[in-house]
1. Do any residues in the stretch 52-63 that are at positive phi have Cβ atoms under 8 Å from those of residues that are in a helix (DSSP H, G or I), where the two are at least six apart or on different chains, and which pairs are they?
2. Take residue 38 and tell me if it is surrounded by fewer than 23 Cβ atoms within 10 Å (Cβ to Cβ) and out of contact with any helix residue (DSSP H, G or I) (no Cβ under 7 Å at 6 or more places or on another chain).
3. If I filter the stretch 187-207 for residues that are over 17 Å from the mean Cα position of the chain (by Cα), farther than 26 Å from residue 82 by Cβ and at pLDDT below 80, do I get at least one hit?
4. Inside the stretch 224-315, counting only helices (runs of 4 or more DSSP H) that do not spill past its ends, which hold 3 or more residues that are on the phi < 0 side of the Ramachandran plot and either surrounded by 15 or more Cβ atoms within 10 Å (Cβ to Cβ) or at pLDDT 50 or above (or both)?
5. Scan the stretch 25-58 for residues that are at pLDDT 75 or above and closer than 30 Å to residue 115 by Cβ and jot them down.
6. Quick check on my filter: what residues within the stretch 59-73 are loosely packed, with under 15 Cβ neighbours inside 10 Å and in a helix (DSSP H, G or I)?
7. I'm trying to understand the selection: among the residues of the stretch 81-111, which are under 22 Å from residue 236 (Cβ atoms) and within 14 Å of the chain's Cα centre (by Cα)?
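The values are calculated or read from the model by the stated rules, or taken from the named source; none is laboratory data. Note that the structure is predicted; figures quoted are calculated from it, not measured. In this analysis, Cβ positions are derived from the backbone assuming ideal geometry, glycine residues included, and neighbour counts consider all displayed protein chains.
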């Protein structure tokens, strides 16, 4: 059902983009808008991962620079039945993470140094598993295309403000239609984008918790990341707000106490409640002894230390 809903919402975004094109240039404008949307999607398909990783200054790491983290990703990817994704580190104090890539064979997982410095090993594993779930569900491509179309609708609407609308409609309704387009089209695009994002987060939480084997670890990680997002600014994300929905927790606001139409993510409290219900279903007692027994196995002698993207983390 989630996939059907996502497909319908993506179709709605494309139709909205064509509608804005029609208001600007009539039938020709609608056709041009459709062609532009197709071109943007094709570009996003091949280049989305490179674009997003570059925006956030992510540096690729391997077993020679971050052996513990890379081994963790490899083991969790194996559990999930996925190819080994590329692993990136962002030198950013805010704990957060995201996944990107057009398919599981061309995927990447990026985490911040703040995530490694703030969370326990089990919690980091929960976050990694959540991002791998996005890859397995092929959310990474969907979310990038959604952001591309939604951003284009906003830019096209602003262009229409200066263009003045389709000249055949300039008899009163044309002006009103143009003003409505400028105001309402970006809002509608944002609502659709966020609806897609929120629906996929719940699915990734559920699958990620099953991959790591401990819903309580992911729930604890979400609580810590959300609290930190309120207190620690993410300047790179502030400069690229269109990528905010890719992160496990909104890097701009950290979420709200309820599911808000204008929030890129579900309320953290609701996500934690869903994970607690899953833990009970799996016979685990939240953060108690049963949950600990099912946790991601720790490696002796390899505690998480302080590190940066330049300093060889998790050695």
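1. Close Cβ pairs (under 8 Å, with a partner that is in a helix (DSSP H, G or I)) amount to 57/236.
2. Answer is yes for this residue.
3. Taking every residue of the stretch 187-207 in turn, at least one turns out to be over 17 Å from the mean Cα position of the chain (by Cα), farther than 26 Å from residue 82 by Cβ and at pLDDT below 80.
4. In the stretch 224-315, 235-239, 268-281 are the helices (runs of 4 or more DSSP H) which contain 3 or more residues that are on the phi < 0 side of the Ramachandran plot and either surrounded by 15 or more Cβ atoms within 10 Å (Cβ to Cβ) or at pLDDT 50 or above (or both).
5. 46, 47, 49, 50, 51, 52, 53, 54, 55, 56, 57, 58
6. Residue satisfying the conditions is 71 alone.
7. 96, 97, 98, 99, 100, 101, 107, 108, 109, 110, 111
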